[in-house]
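Report on the following structure.
The values are calculated or read from the model by the stated rules, or taken from the named source; none is laboratory data. Since this is a predicted model, take the numbers as computed values, not measurements. When the accessible area is computed, the model is the full protein with side chains, heavy atoms only, and any ligands, DNA or RNA have been set aside. Shrake-Rupley method; radii C 1.70, N 1.55, O 1.52, S 1.80 Å.
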Amino acid sequence: MSMSDTFKHITVLLNEAVAALAIKPEGIYIDGTFGRGGHSRLLLQQLGEAGRLIGFDKDPQAIQTGLALAQADPRFTIVQRSFADLAQEIESQQLTAQVDGILLDLGVSSPQLDDASRGFSFMHDGPLDMRMNPASGISAADWIAEVSQEQLAQVFKTYGEERFAKRLAKAVVERREQQAFTTTADLAAVISAAHPAWEKGRHPATKAFQAIRIFINNELGDLEQGLEAAVKVLKPGGKLVVISFHSLEDRIVKQFIRRMEKGEQDNLPRDLPVITQRFEPILKACGKPQYASAEEVLANPRSRSAVMRVAEKQ
């Protein structure tokens, strides 16, 4: 059994997301966050022989799974890049404005959380890493070793929405002066000890770990860039489906769709007289946000915070 088989991933909103793409058998689709391929496999079942699916992922273990799928199914290809780069990648394949649907399933996957060696989890002790692609960028341990107390507090507050950001940052910086942080359990213990308000059912290090992960992987910057790229590569009538797992992501997605519904109006000076008819909407929201069913939440508690938004290119 390979490492990628050891840690199972339950795909969130699997049927709902693929249904929202309204698959055309001969269409071209992008799974911007391949993960372990749950959405991709169901999508491929609905594609005809002429259909194509392109997967993106930064994670080397996800890429291994994707390469195996690509060998088994010639309609599928996998690219080891962030979905933030999908405009460049799709342009290089000469498919710009020809894509029928894009799915972005954001956040961290269950295998990444469950595999202690990846350093994402405060529940399993492992090296303090947290990079989606361990071969690229700075590890959480190296960043924590050099970040200022002020910036660390800002990251906790901005990306973790942590009320006690300053207090936790102070505790981390004071401890690192005695001894560097190298493991997740060590960092989680220091944050837990410094946290004054433990919530029932939630580990006190949850928000701080989320904040570090989002910062280290530039998740919100990638999301903003990926949404802009998605609009470029979709054809008119093409669908954009985004599943987010916390309020920061969902806010970005909601505001982006709203802005695209107004056309380019937001980019103009406020005092410029505007004739509304000149501005064509770029996207149109499809229906209301969808959430995981009670049954799904019971089977997979990690789906509790999932929100799916769908838009169509105009």
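Taking 8 Å as the Cα distance limit and 6 or more residues as the minimum spacing, I'd like the relative contact order of the chain as a percentage. Working shown, then result.
Working: 548 pairs, mean separation 56.2, N = 314.
Reported as a whole number, the value is 18 percent.
Could you provide, to the nearest whole Å², the per residue accessible area of the chain with probe 1.4 Å?
Heavy-atom SASA per residue in the chain reads 49 Å².
Leaving out ligands, DNA and RNA, and with a 1.4 Å probe, what % of the accessible surface on region 118-217 is carbon or sulfur?
50
When the Cα atoms of the chain are enclosed in a convex hull and the volume is divided per residue, what value in Å³ results?
Enclosed volume per residue, from the Cα hull, is 154 Å³.
Which angle from 0 to 90°, rounded to the nearest 10, does the C-alpha axis of helix 149-160 make with the longest principal axis of the chain?
Its long axis makes an angle of about 50 degrees.
Just the Cα atoms of region 130-246: what Rg and Dmax do they give in Å?
Just the Cα atoms of region 130-246 yield Rg and Dmax of 16.8, 58 Å.
Can you pull the Rg over Rh of region 160-220, Cα-only, Kirkwood?
0.95
With angles folded into 0 to 90 degrees, how steeply does helix 247-261 sit against the dominant principal axis of the chain? Use alpha carbons for both and round to 10.
20
Step through the table entries LYS254/LYS284; LYS200/LYS254; LYS232/LYS254; LYS232/LYS284; LYS207/LYS254, compare each Cα-Cα distance with 20 Å, and write down the pairs that go over it.
Working: LYS254/LYS284 12 Å; LYS200/LYS254 30 Å; LYS232/LYS254 18 Å; LYS232/LYS284 15 Å; LYS207/LYS254 22 Å.
Pairs exceeding 20 Å: LYS200/LYS254; LYS207/LYS254.
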